[in-house]
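Structure first, commentary second.
Where a number appears in this text, it was derived from the coordinates with a stated rule and is not lab data. Note that the structure is predicted; figures quoted are calculated from it, not measured. Neighbour counts are summed over all protein chains in view; Cβ atoms, including those assigned to glycine, are modelled from backbone coordinates with ideal geometry.
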Amino acid sequence: MCQHCFTRKTRQWRLGTREKSPLCNACGIRLIKNGELHPEYHLAASETFVGAIHSNIHRRVLELHSENQGTDGSSSSTGETAA
């Protein structure tokens, strides 16, 4: 069982930081990329999952992604063409 999200199924198990505790593939990759694990990634299968909290956090994450895509100019389109 993953020691972060408590899932029991994954295609690959990874080692966590606390006494080499097992992590599912998704949590292991997040730990490698970010250097830490965040509680908003707990799955619905988890004993600690609270739907209302998850949906609010997920909504906010999506809002932040949208804002970030618009600020760097790479994903925003104004519909204007250069002449």
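Applying the selection to the stretch 1-16, what residues are among the polar types (S, T, N, Q) and under 12 Å from Ile29 (Cβ atoms)? Spell out the reasoning first.
If we filter the stretch 1-16 for residues that are among the polar types (S, T, N, Q), which is where we start, we get 3, 7, 10, 12.
Listed by number, the residues that qualify are Thr10, Gln12.
Count, please, the residues in the stretch 8-40 that happen to be surrounded by 13 or more Cβ atoms within 10 Å (Cβ to Cβ), over 13 Å from the mean Cα position of the chain (by Cα) and part of a helix (DSSP H, G or I).
0
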